[in-house]
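Notes to accompany the following structure.
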Amino acid sequence: MPTPHISAQPGEIAPLLLMPGDPRRAARIAETFLTDAKLVSEVRGNGCFTGTYQGTPMSVMASGMGIPTLSIYATELYRDYGVQRICRVGTCGGISSKVRVRDVVIGSSAHTNSPVATIDAPGLTLSLAASFDMLRAAVDAARSADDLAGASVHVGPVYSSDLFYSGRTDIIRALDRLGTLGVEMEAAGLYKCALEHDREALTVLTVSDHLKDGSGDMSPEERETRFGSALAIAAAGLLA
Ligand code: HPA
């Protein structure tokens, strides 16, 4: 059953899957977060690893950047490998003044300029939203976490943009006014794939930069620690 983009054998990918953007991040998650993780696919250098987390089988595979590559992997994982839940774990640029660099943003829904919100139902836009059960479990874990080192957790809409580089500051201002927490490039595509295949998805993000104030870059060490807390919240969402 290998697919055009995944070479794992049937049963080699767990029903619960963590999905960072970066393939090297996926390999690090496999080494440091999962137990006994094994490489089960590496088409195009994008490793998929399966191990366990707190005794439950869990896989990790990167989405690449943007909705198009994420949609290829998420479709094949849900449709061909029987994956039940995918949790994207990544970074976003802060839009709202309520969020600061280092905070955790849990995407309860995703606005988007991508055609995934409109292409299947002309004349309207789909509401692309997280799985309620995963969201609840992740928010509960985040609110009871004692290792967020001063960072806050926010739950709300994010903006999945098809363009990383865009001069349309007017759009960001409008989204800010409408309570959008941050901008990234994948959540809406993941939520659409979950709808399409009647499966579940969630997005847990660390704020890596802020569009309004350009403040406070994180050191590489801090990025790693911060990423660890987001990962624990994401895994709690998967285990819901
Ligand atoms: N734009 C899009 N994606 C991002 C950003 C951003 O500013 N920061 C982190 N991911």
Apply the Karplus curve 6.51 cos²θ - 1.76 cosθ + 1.60, θ = phi - 60°, to the phi angles in the stretch 119-134 and return the couplings in whole Hz, x for Gly and Pro.
5, 8, 9, x, x, 8, 10, 6, 8, 9, 9, 6, 5, 4, 5, 5
Tell me the net charge near LEU190. Cut-off is 12 Å between Cβ atoms, LEU190 excluded, with +1 for each Lys or Arg and -1 for each Asp or Glu.
0
Show which lysines lie in cross-link reach of LYS98 when reach means a straight Cα distance below 20 angstrom and same-chain residues fewer than eight apart are skipped.
LYS212
For the chain, what relative contact order do you get, as a whole percent, if you take Cα pairs closer than 8 Å and at least 6 residues apart?
26 percent
HIS154 long-range amide H proximity, modeled H, under 5 Å
VAL104, VAL105, ILE106
Binning every alpha carbon pair distance of the stretch 16-238 at 5 Å from zero, what are the percents per bin?
1, 7, 16, 20, 22, 17, 10, 5, 1, 0
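As an exercise, identify the trypsin sites (Lys or Arg not before Pro) in the stretch 177-240 lying in DSSP coil whose Cβ has no more than 15 other Cβ atoms within 10 Å.
Hits after loop and neighbour filter: LYS212.
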Hey, can you find the accessible area per residue of the chain for me, probe 1.4 Å, expressed in square angstrom?
46 Å²
Within the stretch 86-240, what whole-number % of the accessible surface is contributed by carbon and sulfur, with the 1.4 Å probe and all protein chains included in the calculation?
53 percent
Below 15 angstrom from the Cβ of ASP162, what's the summed charge of the other residues (Lys, Arg +1; Asp, Glu -1)?
0
What length, rounded to one decimal in nm, is gained on full extension from ASP36 through to ARG143, with 0.36 nm per residue of separation minus their alpha-carbon distance?
35.6 nm
Taking θ = phi - 60°, what integer Hz values does the Karplus form 6.51 cos²θ - 1.76 cosθ + 1.60 yield along the stretch 164-181, in sequence order, with x for Gly and Pro?
6, 9, 8, x, 7, 5, 4, 5, 4, 4, 5, 5, 4, 4, 8, x, 6, 7
Computed [θ] at 222 nm, helices only, for the chain once each DSSP H run of length n ≥ 4 contributes -39500 (n - 2.57)
-10000 deg cm²/dmol
Sequence ranges 23-30, 99-106, ranked by mean other-Cβ count within 10 angstrom, highest first:
99-106, 23-30
Could you state the number of Å between the C-alpha centres of the stretch 24-49 and the stretch 84-140?
24 Å
Among ILE172, ALA151, ALA141, flag the residue with its Cα farthest along the positive direction of the charge dipole of the stretch 134-182, charges on Cβ as +1 for Lys/Arg and -1 for Asp/Glu.
ILE172
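Would you mind working out the magnitude of the charge dipole of the chain relative to its Cα centre, with +1 at each Lys and Arg C-beta and -1 at each Asp and Glu C-beta, to the nearest 20 Debye?
Numbers: 21 positive and 27 negative charges, 65 e Å.
Value, rounded to 20: 320 debye.
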Percentage relative contact order, the stretch 128-240, counting C-alpha pairs under 8 Å, at least six apart:
42 percent
How about the stretch 81-185: which chymotrypsin sites (Phe, Trp or Tyr not before Pro) there lie in a loop by DSSP and see at most 11 other Cβ atoms within 10 Å?
PHE164, TYR165
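The values are calculated or read from the model by the stated rules, or taken from the named source; none is laboratory data. Note that the structure is a prediction, hence the values are computed from the model and not measured. Reconstructed Cβ throughout: ideal geometry from the backbone, glycine too, with neighbour counts over all protein chains shown. For the accessible areas, the whole protein counts, side chains as well, though only heavy atoms, and no ligand, DNA or RNA atoms are used. Shrake-Rupley method; radii C 1.70, N 1.55, O 1.52, S 1.80 Å.
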